[in-house]
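In what follows, a structure is listed as structure tokens, so that the remarks can point back to it.
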């Protein structure tokens, strides 16, 4: 070992890192593009089974405990006002018992659900992160894994509130909208 490396190693060992406490994160799945799978017989994408467990199994998740809440498996375009309220109420109950909440959601109605959560809960006591994907996880060029990974980090470091975390951005509700031309989300300021 070179002398400079030995000195660095000794210096690092002199400052032990305290063990991380485990965070409990509720992960509510509602369906959407992340969860779409290809049906070879019909030649179409469906929300027929969850791929979130496959995605989570591929990640190193030290220091967090994921509590899965499979609420529904719908294309967000098929969601009703009652669905948005159900998601908001579920977020409320999960935020009472967890250190953060992630909602995996279809992108077409994600902003509507985020706004509904704020209407129902105000500012929750923990960070609530909504995320989704523009392209299904099963496709080679999917953004699903990136967005889920970003959401898992963001829910641990953001202040209490409701956010859309997607494409390397954390956008606080209300005022989040989907940009259909650019295929992402942005915030609009109220007049």
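The values are calculated or read from the model by the stated rules, or taken from the named source; none is laboratory data. Nothing here was measured: the structure is a model prediction, and the numbers come from that model. Glycine gets a Cβ as well: all are built from the backbone with ideal geometry, and neighbour counts include every protein chain shown.
Exactly one residue out of 176, 188, 118 is in contact with a strand residue (DSSP E or B) (Cβ under 6 Å, 6 or more places away or on another chain) and loosely packed, with under 14 Cβ neighbours inside 10 Å, and it is 188.
Checking each residue in the stretch 57-83 for being modelled with pLDDT under 95, surrounded by 13 or more Cβ atoms within 10 Å (Cβ to Cβ) and part of a helix (DSSP H, G or I) picks out 76, 78.
Note on the stretch 99-148: residues that are within 13 Å of residue 170 (Cβ to Cβ) and either within 10 Å of the chain's Cα centre (by Cα) or assigned to a helix (DSSP H, G or I) (or both) amount to 7. Of the residues 52, 86, 110, the single one that is crowded, with 18+ Cβ neighbours inside 10 Å and at pLDDT 90 or above is 110.
Within the option set 144, 151, being in contact with a helix residue (DSSP H, G or I) (Cβ under 7 Å, 6 or more places away or on another chain) and under 22 Å from residue 75 (Cα atoms) holds for one residue only, 144.
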